[in-house]
1. Looking only at residues that are without any contact (Cβ under 8 Å) to a residue 12 or more places away in the chain and in a helix (DSSP H, G or I) in segment 245-263, which one is nearest to Ile29 (Cα to Cα)?
2. Mind checking whether some residue in segment 81-93 is in contact (Cβ under 8 Å) with a residue 24 or more places away in the chain and closer than 25 Å to Ala36 by Cβ?
3. Test Ile52 against the criterion of being touching a residue at least 40 places away in the same chain (Cβ under 8 Å), over 21 Å from Asp139 (Cα atoms) and not polar (S, T, N, Q), and give yes or no.
4. So, of the residues in segment 226-275 that are closer than 30 Å to Ala32 by Cβ and basic (Lys, Arg), which turns out to be surrounded by the most Cβ atoms within 10 Å (Cβ to Cβ)?
5. Are there any strands (runs of 3 or more DSSP E) wholly within segment 36-135 with 2 or more residues that are at pLDDT below 95 and surrounded by fewer than 16 Cβ atoms within 10 Å (Cβ to Cβ), and if so which?
6. Within segment 321-348, which residues are under 11 Å from Thr287 (Cβ atoms) and at pLDDT 95 or above?
7. Determine whether segment 265-283 contains at least one residue that is assigned to a helix (DSSP H, G or I) and under 23 Å from the mean Cα position of the chain (by Cα).
8. Considering only residues that are under 25 Å from the mean Cα position of the chain (by Cα) and either of a type outside the set (Gly, Ala, Ser) or not assigned by TED's automatic domain parsing to the domain that holds Asn168 (or both), which ones fall in segment 29-49?
Amino acid sequence: MKLADLTKGAGEWLRGAGPMHDVVISSRIRLARNLAGVPFLAQCGAEQQNEIEQRLRREILDAGIANEVLYVDIAAAGELDRQLLVARHLISRQHATASHPRGVTVSSDETCAIMVNEEDHLRIQVLRSGLDLADAISDIMRVDDLLETRLDYAFHAKYGYLTACPTNVGTGLRVSVMLHLPALKMTGEIEKAFRAAHDMRLAIRGLFGEGTEATGDFFQVSNQTTLGKSEEQIVREFLTEMVPQFVAYERRAREALVERRVVAVDDKARRSLALLRTARLISTDETMYLLSLVRLGVNTGRLDEVDLKTINELFLLTQPAHLQKMLNKKLESEDRAEARASYIRRRLGAD
């Protein structure tokens, strides 16, 4: 398996399936872990950081977490490769831009990724399509158990797993879902959903996490409390109480749009599809905006010319790093806009 192989598809987690997939694009569970008897990364010198990276690389590759895995030395990877991994939600932006020894292990289907030397020594994550947290928690516990048989984690009898950031102390677990909320945006009710998230002590971020904007009406919603609750309790609350509220809000907004403004929904969705099928130059932001409206048309039953999986893949594969990796060369902005338009036309059967 090579890094370039990732550009051939969009990963299992973007297949457009799973519970509530009309609203919930994907589910992610992440665990933060640190080695016992070793300082947190920020307190380590370059030599010790390198020792940690080398040790964890060996242990992860020998643990048998998946049938086929790829380890990427992020410090040695080119800028385009790092951008590709960020776009695919396999590493964080901080991990991509740091300068110390670090890496990431990725399973061949991209449902599991383990960052080495991010903020913590280990950041284990599992991704699933739709609201499939039950399977995600089962898998991440399996991976965590495999690694814990080989590694001694920093753990306190009272406080739980010890992490570099105090907000992660306890379980070290973060649960997040990526939501597509175009109807709430169109009806002006998105702020009500945000207030509900605040009341439930949830964090809301953009498409690529902390500090990013909600491009294409995508929002990441995650828990903020890791101390005083078990992993199972956090996941259960997310699965049965929190996310279903957002899904219900968005579905009601879609129903209201179709009932009261069906011509407007049809017009926006079909205009967007027509532009995507005919454009010769198109930016990332415009692509995301148009695809969001097409996805709304598909999910409300107003469009049947394109399937959800294709739309989901286009959200990802039209990002700048993907286009350049597919063409195997660095492109300036206008060249990317032309290449993106050509790729979209081809995928939508317009060329």
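The values are calculated or read from the model by the stated rules, or taken from the named source; none is laboratory data. Please read all numbers here as calculations on a predicted model, not as lab measurements. Quick reminder, even Gly has a Cβ in these numbers, built from the backbone with ideal geometry, and neighbours come from all protein chains shown.
1. Ala248
2. Scanning segment 81-93, I find at least one residue that is in contact (Cβ under 8 Å) with a residue 24 or more places away in the chain and closer than 25 Å to Ala36 by Cβ, so the answer is yes.
3. Yes, satisfied.
4. Among them, the one singled out is Lys229.
5. Here the list is empty.
6. If the condition is that a residue be under 11 Å from Thr287 (Cβ atoms) and at pLDDT 95 or above, then Arg336, Ala337, Arg340, Ala341, Tyr343, Ile344 are the ones that fit.
7. No, that holds for no residue.
8. Of everything in segment 29-49, those that are under 25 Å from the mean Cα position of the chain (by Cα) and either of a type outside the set (Gly, Ala, Ser) or not assigned by TED's automatic domain parsing to the domain that holds Asn168 (or both) turn out to be Ile29, Arg30, Leu31, Arg33, Asn34, Leu41.
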